[in-house]
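Here the structure comes first, spelled out in structure tokens, and everything after it is commentary.
We did not get these values from a lab; they are worked out from the coordinates using the rules stated. Just so it is clear, the structure is predicted and the values come from calculations on it, not from any experiment. As a convention, Cβ positions derive from the backbone with ideal geometry for all residues, glycine included, and neighbour counts pool all protein chains shown.
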Amino acid sequence: MDADLLSDIVRHGPVLEALLNDPLDRGEIEDRLNVSRATSHRFTQWLDEQGFVKKTDGRLQLTGRGEVVAEEVLRFEANVQTAHRLTPLLDVICEDHREFVVEPFVDATVTVARPDDPYRPIERFISLVRESETFRGFNTTHMAPLVLGGFHQQLFDATDTEIIYLPRIAEKLFDTYPERAREAIESGHLTLRTRDELPYGLALFDERVGIGGYDETTGLMRVFVDTDAPIAREWAERVYASIRDDSEPLNERIDHAR
């Protein structure tokens, strides 16, 4: 299939989408798409030549092949629109695009830091943690600034938490809150694991999953994208399991260093 045909398929996306819902006659196509009779004729003639439609009782209906092509065009358009919406995140994690899948985040909530409200993403993240009884995640920096003692107390005491950090980040958390972190680990509320490399920030709450992008200079969260879509949950569970399998408990790393 050459590039010209692919371009034509995308260009005929609106009529494919219209026919995906219901068989239509030519007049209904004209009304649905707000096109002229001549344009409608060109559209339907092209679809017929490609074998995407068949005529039944005076109406045009997608063939099996036509239905598949129409659904793929819609999926393509949705993913491109999603990529546009996720630009603030993709710009931050651009080096790791291949490890990030756009499709599960079609209907995601995108929270971006603004000059007049730089803490919007982290506030969104914290609100989701507080709504959850369990939390799992990995990150290249601290999930939230260490100065937010109340938030970390939430992780230590109220939420069953497992976090995978870079070694220096995990140890910094333990150094900042030595007693509370140790008590949380001993009580089973907190599990800290480490991995030498992590691609970005992933968070799994009770009902939602999210991706965070951080400023490399300040360490502040610049954007947070979250969704409750089942496909996103499945993707996040697979990614988290893969990262976790290649991590180790913080205490093992400390004992090894000694």
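Counting other C-beta atoms within 10 Å, which of His84, His41, His152 has the fewest, and how do the rest follow?
Sorted ascending by nearby Cβ count, the order is His84, His41, His152.
Given the DSSP H assignment, sum -39500 (n - 2.57) over each helix run of at least 4 residues in the chain and divide by its residue total; what's the result at 222 nm in deg cm²/dmol, nearest 500?
-14500 deg cm²/dmol
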Shape box of region 191-255 [Cα atoms, principal axes, largest first, Å]:
40, 30, 17
Using Cα centres only, tell me the gap between region 176-215 and region 1-30 in whole Å.
48
Which order do peptides 163-174, 56-67, 140-151 fall in by mean Cβ count within 10 Å, highest first?
163-174, 140-151, 56-67
